[in-house]
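The values are calculated or read from the model by the stated rules, or taken from the named source; none is laboratory data. Only a predicted model underlies this, so the values are computations on that prediction, with no experimental measurement involved. Quick reminder, even Gly has a Cβ in these numbers, built from the backbone with ideal geometry, and neighbours come from all protein chains shown.
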Amino acid sequence: MERKIICALCGKSLEMTETFFDYYGHHLHKDLPCCPSCGQVYVSKELAEGKMRNTEAELEDK
Amino acid sequence: MGWKRMFSRKKLPPFPHDFWLEEMEQARGDAEALIVPQQYEGKLKYLFFPGCQLGASDPRYPQAVYQLLCQVEPATAMWLSCCGAPSYWVGEIEQYRAVQNALHQQWEQLGKPTLVLACMSCKKIIDYVLPDVQPVTVYEILAAADDLSLPIYEGMPELALADPCMARDETAVRKAVCTLLERMRVPYHILHEDMHTLPCCGFGGNIEGPNLAAAQAAAKAHISSEPRPYLAYCVNCRDVFAGAGKESLHILDLVTGLNGLERPTPHLSLRRDNRRLAKALALGKEKEECLGIKLVMDDEVAQMMDDSLISADHVRRLIARAEQSGMKFIDEAGINIAHLPLCGVTIWAEYRPLGERTYQLLSVYFHRMERVEGPPADGERVSGE
């Protein structure tokens, strides 16, 4: 079952929003859960330790 | 290789070496303490300098050893701090010289007492950079104190004496350790007779952060062919060996009677708390919590933090910011989720409030990518899940 997360500051449910990242000059973007009011972005453990970690390693090895 | 170009352009994050520099700064910051007996001010004979890792390993060590030294020579002070080795190992030469200069200045201000060390890395560095200090080790002082009463360990299994790599050619120190063992009737076998080619346990250079596999391989190679329990006189070696599954003692465990062979390696992420407790024990005061936040966690979460080089103090900063600003998420089970950008990384924690400024830490993780506003001109999409 998908985890239901709300923004504690605004009390709103998160919505998938295009989000941008920089890794030492490399630009990336991905749709991530985001508060529609304050813009806080939620990065899950699975994403941080999976796709993001792999991408960081790939960029370092290029 | 991309990482070489990134390093040369100073585009690689200081993390994970930054973790060790923070350890050094904490040892010289809120965990620092100078204990000088009032009646011996200006006429000290010894200044005991346990180094940044002794109290981080077991907070009771510094005070227990200090009490023994005071039996040998009452005109002894104790200074809880750091010699600067982490900055030396990471190549931050200016920072390291500043630490060494501060050390020299304090030593002069105290009347140039004999500096008594417990760590061979401290000795190697101080011998090299501050040759006029001429430090000795606590092992030499205790071994030479014939009147000092030491515990007797009859019937103990034979131990393998594992000299630290930083004891290269330090024959007088090994001799002192052997003298202590003989006085305590501890059977031992010297693992590496040649003191010029002593192997490293894997701690040296703080390579654990950038290359955990290399550090683990060094530890495994060290312990793999020796069935006897290890005896170390470097607390980093002792903790590394214990972490690799080897029954290990520090000579100070025997001298003070504090620990047995079964003591596990202390968590890396909790060592800053241990230093603060070592200071509190030395000053006879209550330990102060960093930011007034008490953290509760199980062993699995502490290990998660160790593996990610996230300290309990990092998490306290994260929680303090989240609770003050309200910038956090909450899931349907009431678990709080918040993040904190640090030097080159963003750390995340999941936690639950337990009471007044007390939190149960449930999970930690990090990423190095930095969130930025707006689309990049030359963006590249991260592959989908």
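Per-structure values
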read-out	value
Residue in the stretch B:162-171 that is on the phi > 0 side of the Ramachandran plot and either assigned by TED's automatic domain parsing to the domain that holds B:P86 or in contact with a helix residue (DSSP H, G or I) (Cβ under 9 Å, 6 or more places away or on another chain) (or both) present	yes
Any hit, the stretch B:26-35, residues being free of Cβ contacts under 8 Å to residues at least 60 places away in the same chain and either surrounded by fewer than 22 Cβ atoms within 10 Å (Cβ to Cβ) or part of a helix (DSSP H, G or I) (or both)	yes
Those residues of the stretch A:5-62 which are more than 11 Å from the chain's Cα centre (by Cα), more than 7 Å from chain B (Cβ to nearest Cβ) and of a type in the set (A, V, I, L, M), in sequence order	A:L14, A:A57
Selection within the stretch B:279-308 - surrounded by 17 or more Cβ atoms within 10 Å (Cβ to Cβ) and within 14 Å of chain A (Cβ to nearest Cβ)	B:V301, B:M304, B:M305, B:S308
Output for the stretch B:332-372, where each listed residue is within 19 Å of A:N54 (Cα to Cα), more than 7 Å from chain A (Cβ to nearest Cβ) and either of a type in the set (A, V, I, L, M, F, W, C) or in a strand (DSSP E or B) (or both)	B:V345, B:T346, B:I347, B:V364
Within the stretch B:225-268, considering residues that are among the small types (G, A, S) and part of a helix (DSSP H, G or I), the one surrounded by the fewest Cβ atoms within 10 Å (Cβ to Cβ)	B:G243
Number of the exception - B:R271 against (1) surrounded by fewer than 21 Cβ atoms within 10 Å (Cβ to Cβ); (2) charged (D, E, K, R); (3) more than 7 Å from chain A (Cβ to nearest Cβ)	(1)
Matching residues in the stretch B:146-176 - criterion: being in a loop (DSSP other than H, G, I, E, B) and either surrounded by 16 or more Cβ atoms within 10 Å (Cβ to Cβ) or of a type in the set (S, T, Y) (or both)	B:L148, B:S149, B:L150, B:Y153, B:M156, B:D163, B:P164, B:E170
